[in-house]
Amino acid sequence: MTTPSEPSEVPPPSKWHDTFRRITQGNAIISVLAVLLALIVGGILIAVTDEDVQAAAKYFFARPGDTITAVWNAVWGAYSALFQGAVYNFGAPTFARAIRPLTETLTFATPLIAAGLGVALAFRIGMFNIGGRGQMLMAAAAAGYIGFAWDLPFPLHMIVALLAGLIAGALWAGIAGVLKATTGAHEVIVTIMLNYVAFYLISWMLRTPGLLQAPGSSNPKTAPMKETAIFPDLLGPQFNLHFGFILSIAATFLVAWIINRSSLGFKFRAVGVNPNAARVAGINVRNMYIYGMLISGALLGLAGVNQVLGTITTGFSADIDAGIGFDAITVALLGRSTPWGTFAAGILFGAFKAGGFSMQAAEQIPIEIVAVVQSLIVLFIAAPPLVRTIFFLPSPERDRRRAEKARQKALKAEVKADTELEGAAK
């Protein structure tokens with residue numbers, strides 16, 4: 001009687017192999033590659049829409065080099081203009097002028113970071129807060145009214161206006177949290193409707209004398225903010241970067257501490273993973289929904305305050321949100337709903353906004369190309385298997401399927417061996 005030989009032990013993977021597997025299967029590499037793919041597709045669109053490329057393509061088979069050169073010049077010119085408009089202008093006569101694009105990127109990124117953090121925090125609780133526009137508008141209205149109508153000394157005036165904006169944003173988002181906690185109303189529907197309510201409410205207030213409309217004016221616009229309420233400049237009057245960027249950095253630290261270090265953050269994450277299990281564990285899920293939306297709304301309110309007290313201090317209208325409330329969803333998705341990932345994504349999208357205008361002015365590239373690139377980033381982030389397939393990366397889903405097949409095969413072999421042993425014993 002022979003017994004089946006023991007299977008040889010498979011040596012564990014090396015440390016380098018394990019590190020490579022973690023990197024290639026992690027979320028960070030997917031975000032980076034999604035941006036790279038979007039830039040590649042954007043380059044194709046730039047080449048296709050370029051007039052020189054179109055002209056050279058007519059005689060491609062006679063002189064293909066002309067078409068290739070035209071494609072290179074179009075794409076390189078566009079992306080170099082994007083870089084010089086967002087990071088560093090090599091042709092500037094002074095260092096201050098050279099780094100101005102970077103300060104513009106940080107200025108554009110300031111409200112995107114704050115708003116993205118608000119959306120990302122809601123994501124971690126399993127909630128989809130797409131009411132950023134309404135929350136920003138309400139925060140801008142509260143902070144703006146105090147900013148131009150009240151007389152207080154600096155910095156008390158700025159602090160009171162800031163707090164008023166945070167509270168207004170939090171309360172407006174809290175409506176969705178309370179409705180979800182008490183009635184089960186879906187926060188997506190509620191926040192969408194609250195966006196419209198906030199927009200038309202602010203529009204009415206901007207057209208009503210004695211509310212937000214500037215005294216003595218018939219335009220739907222507020223009066224300029226008083227100097228005592230405006231965020232101070234960080235690098236001097238020649239740059240637009242203001243104190244709001246410091247507040248966005250502080251907000252990132254705060255959100256990172258809440259999510260990763262505090263007991264409240266643990267409850268948020270538990271509810272986000274499985275609200276039923278969290279409820280069984282003794283967590284008050286209803287309260288978590290309310291607390292989460294309040295904090296999320298305050299962060300989006302900070303984005304609105306940054307707009308009226310930092311970026312646009314000459315008075316604002318109903319379009320003060322500038323689409324940031326919806327861009328924040330993209331920023332949070334690209335940042336994988338992590339605080340510092342969202343921070344980096346906000347800076348990247350700030351660079352797109354700052355460099356997009358330079359690209360349009362220098363190379364006559366349509367600004368919509370930048371919007372297409374941003375949309376493609378979301379598309380690729382939403383399809384990790386597609387990104388892994390394009391770059392031939394190992395897939396965790398495929399590895400799990402292979403491991404399951406191997407386990408089933410081992411079980412069948414074990415059953416077969418036991419059957420053979422029983423037959424031999426008889």
For this session: Determine, yes or no, whether residue 224 is over 27 Å from the mean Cα position of the chain (by Cα) and either surrounded by 14 or more Cβ atoms within 10 Å (Cβ to Cβ) or touching a residue at least 24 places away in the same chain (Cβ under 8 Å) (or both).
Result: yes
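Residues checked against (1) open to solvent by 30 Å² or more (accessible area, probe 1.4 Å); (2) more than 16 Å from residue 126 (Cα to Cα); (3) of a type in the set (Val, Ile, Thr):
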{"position": "293", "(1), (2), (3)": "no, no, no"}
{"position": "299", "(1), (2), (3)": "no, yes, no"}
{"position": "302", "(1), (2), (3)": "no, yes, no"}
{"position": "305", "(1), (2), (3)": "no, yes, yes"}
{"position": "312", "(1), (2), (3)": "yes, yes, yes"}
{"position": "329", "(1), (2), (3)": "no, no, yes"}
{"position": "342", "(1), (2), (3)": "no, yes, yes"}
For this session: Run down 250, 256 and say which single residue is part of a helix (DSSP H, G or I) and free of Cβ contacts under 8 Å to residues at least 40 places away in the same chain.
Result: 250
Exercise. Which of the residues belonging to the range 315-334 are assigned to a loop (DSSP other than H, G, I, E, B), within 14 Å of residue 116 (Cα to Cα) and not small (Gly, Ala, Ser)?
Worked result: 321
For this session: Determine whether the range 287-304 contains at least one residue that is outside any helix (DSSP H, G or I) and either farther than 20 Å from residue 241 by Cα or not charged (D, E, K, R) (or both).
Result: no
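Just checking, which of 108, 148 is surrounded by 17 or more Cβ atoms within 10 Å (Cβ to Cβ) and more than 30 Å from residue 260 (Cβ to Cβ)?
Details: 108 fails: more than 30 Å from residue 260 (Cβ to Cβ).
After applying the criteria, what remains is 148.
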Exercise. Across the range 353-383, what is the total count of residues that are out of contact with any helix residue (DSSP H, G or I) (no Cβ under 8 Å at 6 or more places or on another chain) and crowded, with 19+ Cβ neighbours inside 10 Å?
Worked result: 1
Problem set entry | Residue in the range 271-288 that is among the polar types (S, T, N, Q) and under 20 Å from residue 163 (Cβ atoms) present | no
Exercise. In the range 235-242, is there at least one residue being open to solvent by 20 Å² or more (accessible area, probe 1.4 Å) and under 20 Å from residue 157 (Cβ atoms)?
Worked result: yes
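I need a count of the residues in the range 174-189 that are more than 17 Å from residue 285 (Cα to Cα) and either open to solvent by 40 Å² or more (accessible area, probe 1.4 Å) or at pLDDT 95 or above (or both).
Our first condition is that a residue be more than 17 Å from residue 285 (Cα to Cα); within the range 174-189, this holds for 188-189.
Narrowing the set further to residues that are either open to solvent by 40 Å² or more (accessible area, probe 1.4 Å) or at pLDDT 95 or above (or both) leaves 189.
Looking only at that region, the number is 1.
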Problem set entry | Residue that is nearest to residue 288 (Cα to Cα) [pool: residues in the range 154-173 that are touching a Ser or Thr at 6+ places or on another chain (Cβ under 6 Å) and surrounded by fewer than 24 Cβ atoms within 10 Å (Cβ to Cβ)] | 157
Exercise. Name the residues in the range 255-284 that are crowded, with 17+ Cβ neighbours inside 10 Å and among the aliphatic types (A, V, I, L, M), would you?
Worked result: 255, 256, 258, 259, 270, 271, 278, 283
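The values are calculated or read from the model by the stated rules, or taken from the named source; none is laboratory data. Predicted model only: the values in this text are computed from it and were never measured. Methodologically, a virtual Cβ is constructed for each residue, glycine included, from the backbone with ideal geometry; neighbour enumeration extends over all protein chains shown. We work out accessible area using only protein heavy atoms, side chains counted, and drop any ligands, DNA or RNA first. Shrake-Rupley method; radii C 1.70, N 1.55, O 1.52, S 1.80 Å.
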